[in-house]
Amino acid sequence: MEVIRKFIDANSLMSIMTLPEALRNQKLEVIVLPADEPEQVSEEQTKDIQSIVQSLVGSIPHTDLPLNELRDERLKKYEAAY
């Protein structure tokens, strides 16, 4: 995980966010961290996903189902791969 740590003047930060009065006109420490860790996908999951994608190519028949219902149907069918 990459982290950035900087000391900056509070006035520089005011253009980005509102600061409480107590923090204004001071030197502040800013630490930047990613909000979420990237999800690690195993090699087995990658192969499963690739086989699912290959099985879908050209497999959607013409139906009278709206696109959102067709999507929901496919998601239920392949939810085990996640």
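Going through [x] 64, 33, 18; [y] 58, 20, 15; [z] 78, 18, 17, the figure that equals Cα extents along the principal axes in Å as computed for the structure here is [x]. Using a probe of 1.4 angstrom and keeping all protein chains present, the accessible surface of the chain works out to 91 square angstrom per residue. Within the listed set S12, S51, S42, the Gaussian network model of the chain (springs between alpha-carbon atoms below 10 Å) gives the highest mean-square fluctuation for S12. Per residue, the average separation of C-alpha pairs within less than 8 Å and at least 6 apart gives the chain a relative contact order of 29 percent. Modelled label positions at R74 and D48, each set 7 Å beyond Cα in the direction of Cβ, lie 1.9 nm from each other.
For a straight C-alpha distance cut-off of 24 angstrom, the lysines reachable from K76 (same-chain residues fewer than eight places away being disregarded) are K47. Listed by chain and number, the lysines placed with their C-alpha closer than 17 angstrom to that of K6 are K27; residues fewer than eight positions away on the same chain are left out. Taking E29, E39, E21 in turn, the Gaussian network model of the chain (Cα-Cα springs below 10 Å) assigns the largest fluctuation to E21.
Return the carbon/sulfur percentage of the accessible area of segment 14-80, one whole number, probe 1.4 Å, all protein chains in place. Before the final figure, lay out the partial values.
Values: 3360 of 6100 Å².
Carbon plus sulfur share of accessible area: 55 percent.
Placing dummy labels 7 Å off each Cα toward the beta-carbon, the span from I4 to L65 is 4.5 nm.
The values are calculated or read from the model by the stated rules, or taken from the named source; none is laboratory data. All values derive from a computational prediction rather than experimental measurement. Don't worry about glycine lacking a Cβ; one is built from the backbone with ideal geometry, like all the others, and counts go over all protein chains shown. Accessible surface areas use protein heavy atoms only, side chains included; no ligands, DNA or RNA. Shrake-Rupley method; radii C 1.70, N 1.55, O 1.52, S 1.80 Å.
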